[in-house]
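J.: The structure under discussion is supplied below as C-alpha cells; questions concerning it will follow.
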Amino acid sequence: MFNANPSRLARFALAACIALGAMAPAHSAAPSETWPAKPVRFIVPYPPGGPLDNMARMLAEKVRADLGQAVIVENKAGAGGNIGVDMVARSPADGYTLVMGAVATHAINPWLFTQLPYDPIKDFAPVTLVAAVPNVLVVNVDFAKKNGIKTLNDLIAYGRANKGVLNYGSGGNGSAGHLSGELLNARSGIAAAHIPYQGAAPAQLALLAGQSDFMFDNLAAAAPLINAKTVLPLAVTTADRSTLFPDIPTVQQAGVEGFDLGTWFGVFAPAGTPPEVLDQLYKAYGKAMEMPDVRQRLLTMGSEAQAMSPAEFAQFVKSELAKYKEVVSISGASLN
C-alpha cells in the first residue's frame, strides 16, 4: 500500500500546481479591455479621392488617439463597391477590419445585382452612420435659359409638354443618379431618357457641355458648380432641405410625392464582432464626428454629424434596404 508522507504530498502538490500554471494560458482581460492590440484596417470600397474616401481618412486620423492604435485606410474598389465590402464580410469578426459602407453597397446593390456575394444585413455589424448627403437636381444653364426653366415645376411642365425630348445623365446604370431620374419619371409623368456615363465626373462634364439636359448629382460634388453658377440647382432629393444650400427646395416641396433619396455612408464591422468592441468603435467615431474640423468637413458636403448607435444604424440600414427595393424595381435596372 502506498504510504502517503505529508511532506512528500506537499512537494507533489506544489510541483503539480507549477506544471498546470505553465500549461494554462495567461489570463486575458475582456475584449473591451485588450482590444485593439494592433492596427485596424479601414476598407474603402471605392477609388481614392472621393468624398467618402476623404472622410474615411480624416476619421481614421481622429479615432487613433481614442483607440491607441493606427487605423489604416485601404482602397479596395470594384464592382460598384462589392469587392471591398465582400472582403470585409469574410474577415474575422475581431474588430480589426472595418468598411465604410454606403447606400449603394448596403441598400441599392442587393436589388441591383442578380448575384451579390454578401448579405447586407446578415454579414455585417453596423457601427455608426457617418453622413447623409442629399443629391441635387442640376440643369444645364443654357438649356434652362432657352426654355425658361427656373424651377423644378418648370422642368416637369416642359417634360410633360415635350415627351421624349428631355434627357438626363448619370454616373452609370444603377447609380444613385440613375435611380433618382427614373423615380422622377415615374412620380412626375415626364419621360426623360437616361444617358449613362462611366462615373459621375464624366456625367458632370457632359452636362456642362450641353450633351445632357440635367442630372442628379451628389451635393458635395455639385457645390462648386452651383457656387460658380455654371449649373442651375432646382431641388434636393431628400425630405429636408440642405444646410449647405437652404434656399434650394426639396423635390417633394415641388409637389412630387414619395421622393426621399440621398447618399449616405457609415462604418460597418463583420457580423459577430463582440458588442463591447462595437461600443468602443461607436464611441471613438462618434467623438471624432463632434470635432470642429470634422463637423466643418461634413457641412461642406451638405451634411451634419449624424452619429447613430449600432442598434439605430442597423434599423436605418434595414429601412433603406426596403425603400430601395421599390426604387430599383421602378428603374428597371439590373446588373450581373
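J.: Sort through 92, 110, 120 and tell me the only one that's buried (at least 16 other Cβ atoms within 10 Å of the Cβ) and assigned to a loop (DSSP other than H, G, I, E, B).
T.: 120
J.: Same structure, new question: Looking for something modelled with pLDDT of 95 or more and either within 30 Å of residue 67 (Cα to Cα) or among the polar types (S, T, N, Q) (or both) - is there at least one such residue anywhere in region 214-226?
T.: no
J.: Kindly provide the set of residues from region 237-249 that are surrounded by 15 or more Cβ atoms within 10 Å (Cβ to Cβ) and either within 20 Å of residue 99 (Cα to Cα) or out of contact with any Pro (no Cβ under 8 Å at 6 or more places or on another chain) (or both), ordered by number.
T.: Residues satisfying the conditions are 244, 249.
J.: Something else: From the list 225, 179, 155, which one is assigned to a helix (DSSP H, G or I), buried (at least 24 other Cβ atoms within 10 Å of the Cβ) and touching a strand residue (DSSP E or B) at 6+ places or on another chain (Cβ under 7 Å)?
T.: None of the others qualify; the one that does is 155.
J.: Next question. Picking from 319, 309, which residue would you name as being surrounded by 14 or more Cβ atoms within 10 Å (Cβ to Cβ), in the same structural domain as residue 57 (by TED's automatic domain parsing) and hydroxyl-bearing (Ser, Thr, Tyr)?
T.: None of the other options fit; the residue is 309.
J.: A further question on this structure: What's the total number of residues in region 183-239 that are touching a residue at least 60 places away in the same chain (Cβ under 8 Å) and of a type outside the set (Lys, Arg)?
T.: Result for region 183-239: 30.
J.: Does any residue of region 83-105 turn out to be under 27 Å from residue 306 (Cα atoms) and either assigned by TED's automatic domain parsing to the domain that holds residue 218 or out of contact with any strand residue (DSSP E or B) (no Cβ under 9 Å at 6 or more places or on another chain) (or both)?
T.: Looking through region 83-105, at least one residue is under 27 Å from residue 306 (Cα atoms) and either assigned by TED's automatic domain parsing to the domain that holds residue 218 or out of contact with any strand residue (DSSP E or B) (no Cβ under 9 Å at 6 or more places or on another chain) (or both).
J.: Within region 187-201, work out how many residues are over 25 Å from the mean Cα position of the chain (by Cα) and surrounded by fewer than 16 Cβ atoms within 10 Å (Cβ to Cβ).
T.: Result for region 187-201: 3.
The values are calculated or read from the model by the stated rules, or taken from the named source; none is laboratory data. The structure presented is a predicted model; accordingly, all values stated were derived computationally and were not measured. Please note: Cβ atoms are built from the backbone with ideal geometry, for glycine as well, and neighbour counts cover all protein chains shown.
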